[in-house]
Amino acid sequence: MKILVAVKRVIDYNVKIRVKPDHSDVDLSNVKMALNPFCEIAVEEAVRLKEAGVASEVVVASIGPQAVQEQLRTALALGADRAIHVDAPAALDALVIAKLLQAVVAAERPGLVLLGKQAIDSDNNQTGQMLAALMGVPQGTFASQLSVEGDALRVTREIDGGLETLELTLPAVITADLRLNEPRYAKLPDIMKAKKKPLDRWTPEELEVVVTAHQRLLKVEPPAERQGGIKVSSVSELVERLRNDAKVIS
Amino acid sequence: MNFTFNEDDIAFQDAAHRVCADVLKTHAARYDETREFCQESLRALGELGFWSMNLPSEYGGVDISSIGMSLAVEEIAYHCAATCSSLTAHFLATDSVLIGATEAQRQALLPLCASGEKLGAFALTEPGAGSNPAEMRTRAVRTADGWHLTGTKHYITNGAFADFLVVYAKTDPDQGHRGISAFLVDRHTPGISFSSPEKTLGLRGSHIYEIDFDCVLPDDALMGEEGAGFATAMEVLDRGRVEVAAMSVGIARAAYDASIAWSKERIIAGKPLGRHQGIQWMLAEMHAQLEAARLVTYKAADARDSGQRFSLESAVAKLVASEAAAKVTDAAVQVHGGYGYISDLPVERYYRDARITRIFEGTSEIQKIIIGRAITA
């Protein structure tokens, strides 16, 4: 079985986010970028399925400008076999991304598509669901456990109030939650070997997908700056402060 | 001079950052406090291929540029200088093999060193021969049974934890430094005794030992050619000084970052510490010193890759970066005030860890001799 993993280039999770002075967007100049952590978990799961003999090939795809090849290379260093770069503008709508991925799926015909449950930049949590709908296949989102048994896929999902286990027929779309696995560290020799793995560049035109914007970013505002707290010396002072200063109790 | 970071350099820096921030950082304070050997961190780096950074691919290495290697070494030192010291000591041993050994010896040993299976130690210094290695007294005499090695080495990083030692010894005492040869010594050879680890000011997770030798080595323990040991050691130290410079930059950056964060967090007289001009001046000097140290380090790394002699560049980098690390870590303690003096924060550890960089692999004074001779020749 071939597995396709879709990955996104995002701001590194350690970076302190700055908003541009004109509030038009997040400031991305001179900011460290990285593989979206949930996408990394998806790559790790695919590589583990290959190591377990369930998958025969792991193909990783990313959509965006030339720079996304860095993240594709990271995925290759983690064990993916080859990469597809769909050369398109950054920050496309989830629906356009899903359509482009649908076209990649049509060309590649994977038995399973793995994605992160969401990207840590825009936090949309839409692409996997949209892709499954466009493909007309079952979806298992927020996966915390995954096993393939013959033609069936057993997936445990993290839902409000507990865990839900589903059995899906293949092909299917799975989105990875935080607890699905702990991704490995890239080994230095594998980083060098990743350079020799195939990386193909496709365009939206070749995939016959029209890139249109369905939504427009109007404004980005940073969260209100937190004021420092105070220390109180006793419970009675705490109660008094909560009552008179914070006015959260009466 | 033209150095840029290619995608490999960045990928290596990134890979180092990931494992260091997750693994090395969690052990660093404990190693310092308990003086436990940095085994766990060192092994973690070995499993990921970091022990191979100084080697070409024909011996299991990764063919990374010296600049990429410097970036990774800096990252390792930033999170745990002790682990960095043990790793760079391993590089001194494997550089010795790479430069001085026969092809058969390289093929037999280096792939195991690259993969993290065999840890090396570099045994040059003696109680009476530090800055003056030509005056070493360790002797190797050819006998019917093999080489009879006698003498004492000290300050040997990794010592008892190493699988093999590269021991420099006189095979012909009448020949001065030309009478020095190097030997590949299995750590378990009968007749080797290790002291307990020295009680050091810093880098407490990276053990150094005094080692006594009275042992017989097989004929093929001679590394490369007889009499070539001194030349090998000098070339190894040229390379090693670039790594000490990178390590110094890493420690200095850790102290600098801690100071910047502290200057924003600590409120004095109603405003953050960093808004007081007196502190700003200190931070500005730290920034400038760190930047200068980094640039001479990259320049030396670039020179190392050029294939030309780079003794001058590596001596300058080692001198400037280690002195900068001492100044920056001292200023970091000062910026933190009393908080910089107690071990609740890592700043006092950075201060202690930085101190050795002005001493090992040639003191600052030795670097000045190297530089002075080169510029007046």
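Since every read-out is calculated from the coordinates, none of them should be taken as a lab result. For clarity, every value in this text was computed on a predicted model and none was experimentally measured. Ideal geometry is used to build each Cβ from the backbone, glycine not excepted, and the neighbour counts take in all protein chains shown.
Below, the figures for the structure above:
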item	result
Neighbour-count order for A:TYR185, B:TYR350, B:TYR31, fewest beta carbons within 10 angstrom listed first	A:TYR185, B:TYR31, B:TYR350
Selected from B:ILE156, B:GLN105, B:ALA121, residue furthest toward positive end of dipole (segment B:86-208; charges at beta carbon)	B:ILE156
Most positive-pole-ward Cα, B:ALA269, B:VAL249, B:VAL296, against dipole of chain B from beta carbon charges	B:ALA269
In Hz, Karplus ³J(HN,Hα) per residue of segment A:222-237 (6.51, -1.76, 1.60; θ = phi - 60°; x = Gly, Pro)	x, x, 4, 5, 7, 7, x, x, 10, 9, 10, 9, 8, 5, 5, 5
Expected 222 nm ellipticity per residue - DSSP helices of 4 or more, -39500 (n - 2.57), all of the protein assembly as shown, to 500	-13500 deg cm²/dmol
Proxy reagent accessibility, fewest Cβ within 10 Å first, across A:THR165, B:THR357, B:THR152, B:THR102	A:THR165, B:THR102, B:THR152, B:THR357
Phi-based couplings in Hz for segment B:52-64 (Karplus 6.51, -1.76, 1.60; Gly and Pro marked x)	9, 4, 8, 10, x, 5, 5, 10, x, x, 10, 6, 8
Least to most buried among B:HIS90, B:HIS177 (fewest other Cβ within 10 Å first)	B:HIS177, B:HIS90
Share antiparallel - DSSP beta bridges, the protein assembly as shown, percent rounded to 5	60 percent
Cα-centre dipole for the protein assembly as shown with unit charges at Cβ (Lys and Arg positive, Asp and Glu negative), debye to 20	1380 debye
Kirkwood Rh (inverse of mean 1/r, distinct Cα pairs), chain B, angstrom	21.0 Å
Efficiency of FRET from Cβ geometry, A:GLN66 and B:ILE369, R₀ 56 Å, rounded to 0.05	0.70
Approximate spin-label separation B:ARG35-A:ASP12, in nm, with each point projected 7 Å along Cα-to-Cβ	3.6 nm
Hydrodynamic radius of segment B:36-144 per Kirkwood, over alpha carbon pairs, in Å	15.1 Å
Degrees, to the nearest 10: A:68-77 long Cα axis against longest axis of chain A	70 degrees
Among the listed pairs A:LYS8/B:LYS299; A:LYS2/A:LYS117; A:LYS50/A:LYS196, those beyond 24 Å (Cα-Cα)	A:LYS8/B:LYS299
Whole-number Å³ per residue for the convex hull built on Cα positions in segment B:132-266	123 Å³
Residues in segment A:202-235 that a label on A:ALA91 would reach, taking backbone N under 13 Å of a point 7 Å out along Cα→Cβ	A:215-221
Against the rule of thumb 2.2 N^0.38 Å, how large the Cα Rg of segment B:129-186 comes out	1.14
Dipole in debye (nearest 20) - chain A, about Cα centre, beta carbon charges: Lys, Arg +1; Asp, Glu -1	600 debye
Cα-centre dipole for segment B:1-156 with unit charges at Cβ (Lys and Arg positive, Asp and Glu negative), debye to 20	700 debye
Cleavage-rule hits (GluC sites (Glu not before Pro)) in segment B:211-305: DSSP loop, at most 14 neighbouring Cβ within 10 angstrom	B:GLU225
Potential lengthening between A:ARG216 and A:ARG179 on full extension [0.36 nm per residue; Cα-Cα distance subtracted]	10.0 nm
Using distinct alpha-carbon pairs, which all enter the 1/r mean, Kirkwood radius of segment A:144-250 in Å	21.7 Å
Where only C-alpha atoms are counted, convex hull volume of the protein assembly as shown per residue in Å³	210 Å³
³J(HN,Hα), Karplus 6.51/-1.76/1.60, whole Hz, each residue of segment A:91-97, x for Gly, Pro	6, 6, 4, 4, 5, 5, 4
Residues with amide H under 5 Å from that of B:THR157, placed H, sequence gap 5 or more	B:PHE122, B:TYR209
Fluctuation leader among A:PRO171, A:PRO89, A:PRO138 - chain A, Gaussian network, Cα springs under 10 angstrom	A:PRO89
Rg/Rh ratio calculated on Cα atoms of segment A:22-61 (Kirkwood radius)	1.27
Span from the segment B:303-362 Cα centroid across to the segment A:33-94 one, whole angstrom	39 Å
Selected from A:ILE230, A:ILE159, A:ILE41 as most flexible by GNM, with chain A as the system and alpha-carbon contacts under 10 Å	A:ILE230
Using a Förster distance of 45 Å, the FRET efficiency for A:LEU238-A:GLN126 (Cβ separation, nearest 0.05)	0.55
Degrees between helix A:37-51 axis and first principal axis of chain A (Cα, 0 to 90, nearest 10)	40 degrees
Positive dipole terminus of segment B:250-331, leading residue within B:ALA326, B:ALA315, B:ILE279 (C-beta point charges)	B:ILE279
Residues in segment A:81-98 reached by a label modelled at A:GLU205 [backbone nitrogen below 15 Å; 7 Å Cα→Cβ]	A:87-89
GNM flexibility winner over chain B from B:TYR351, B:TYR59, B:TYR168 (Cα, springs under 10 Å)	B:TYR59
For A:MET33, residues with placed amide H under 5 Å, excluding near neighbours	A:ASP12
At least 24 Å along the helix axis (C-alpha) and Kyte average at least 0.5, DSSP helices within chain B	B:81-100, B:311-336
Calculated FRET value between B:ARG309 and B:ALA134, using beta carbons and R₀ = 35 Å, to 0.05	0.95
